[in-house]
Amino acid sequence: MTLDFSDLATAPRLLLEADLEPIQGTRFQPTGFPDLGAARYDGPDGRSMLLVESAQSMANRLEAVCWDTVADDWRPPLKGLPVIRVVDEEGKPLTNSLLEAHRINSPYILEGKDRTVLDTLKSELADMAEGAVDLRRLARVLLRLDTNALVHGVFLAKKELAGGRLRLPRILSAFIEAEDARVAQSGGVKNDHVNPSGETARGFGNVPFSRDEYTASRITAYFNIDLAQLRGLGLGAGAEAMLLALMCYKIRAFLEEGLRLRTACDLGLRELRVTRPSGFTLPEQDILANELPRLIREVADQGLFADPPATEVTWRK
């Protein structure tokens, strides 16, 4: 079975919703924020809502399912996609643009003594110092050097690069919300069997603590692929199909393999549905895994990828 994206040809967005539930019990632990804790808020109808996973965190999780940490490489269906690898002075791997917080804008890529990527960006985007930013050209550069950054979105905040104005919003975005969220309070104690009354500031002594988890009547993951933005970049039918397949693969892989968000937040998929456009069905993960190598080769054969696809940068302290 081959991929068919014809139902998306004129749709501005591909919107999906996935109903989730704890795989054991009823409680789950949401993401927490400094000085805030869990992000609780009232919905438009007054219902108690909870942000289980933010857009920023979901972007990281959708990328984590693409990388084989043991092999330190793309998962097999994605091999051949461009990525920027960072190694130390001895050639040992440090990080890469898929896993870095700011992707291609990582300080390990653009702020070190090795200016390979920075000089390439300056050379190809030099004439954007004044006037409107050519987002199509920026997209072609990202496609060639760091394909995932094109999907993830990027902000190249360096004055040498068009005065720090090079930005692309996410093409694929996602978040997880819970409805009718209620606190499930519990707690515990860290026991010191040697000296229960020891100095707690130094890690000794018995230390009681409280813990807030949550229950909810519904937990939903939302996914949004901006098809209008993708088409507007003018990358060509082959690159668009490959990027669409990549984004669909990310969603499928996350829902099937990436739902253990935290120790106390292990979720399972109940139902996945496409809300827009009607009539489209998200391809299964095995179909995407079978088709992606061919789509990646076709784009590479068009000369749209770096050769070799992995660009190496040496980080020197």
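No lab work stands behind these numbers, since they all come straight from the coordinates. From a predicted model like this one, the values you see are computed outputs, not experimental measurements. Cβ placement follows ideal geometry from the backbone for every residue including glycine, while neighbour counts extend to all protein chains displayed.
Numbers below:
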read-out	value
Any strands (runs of 3 or more DSSP E) falling wholly within the stretch 146-261 and containing at least 1 residues that are in contact (Cβ under 8 Å) with a residue 40 or more places away in the chain and under 30 Å from Ile109 (Cα atoms)	154-156, 166-168, 172-179, 218-226
Strands (runs of 3 or more DSSP E) lying entirely in the stretch 1-99 (those with 2 or more residues that are more than 23 Å from Ser217 (Cβ to Cβ) and without any contact (Cβ under 8 Å) to a residue 60 or more places away in the chain)	93-96
Residue within the stretch 131-138 that is in contact with a Gly (Cβ under 9 Å, 6 or more places away or on another chain), surrounded by fewer than 20 Cβ atoms within 10 Å (Cβ to Cβ) and part of a helix (DSSP H, G or I) present	yes
Set Asp68, Asp73, Asp35: member being more than 19 Å from the chain's Cα centre (by Cα), surrounded by fewer than 18 Cβ atoms within 10 Å (Cβ to Cβ) and not hydrophobic (A, V, I, L, M, F, W, C)	Asp35
Pick from the stretch 285-307, criterion exposed (fewer than 14 other Cβ atoms within 10 Å of the Cβ), of a type in the set (Asp, Glu) and under 22 Å from Leu145 (Cβ atoms), ranking: nearest to the chain's Cα centre (by Cα)	Asp307
Pairs, first under 28 Å from Tyr108 (Cα atoms) in the stretch 290-317, second in a strand (DSSP E or B), C-beta under 6 Å, six or more apart	Ala310/Val83; Ala310/Arg85; Thr311/Ile84; Glu312/Arg85; Val313/Val86; Thr314/Val87; Trp315/Val86; Trp315/Leu94
Meets criteria (in contact with a strand residue (DSSP E or B) (Cβ under 6 Å, 6 or more places away or on another chain), over 30 Å from Lys92 (Cβ atoms) and surrounded by fewer than 15 Cβ atoms within 10 Å (Cβ to Cβ)) for Glu256	no
Test: residue in the stretch 267-284 that is part of a loop (DSSP other than H, G, I, E, B), closer than 30 Å to Asp88 by Cα and over 22 Å from the mean Cα position of the chain (by Cα)	no
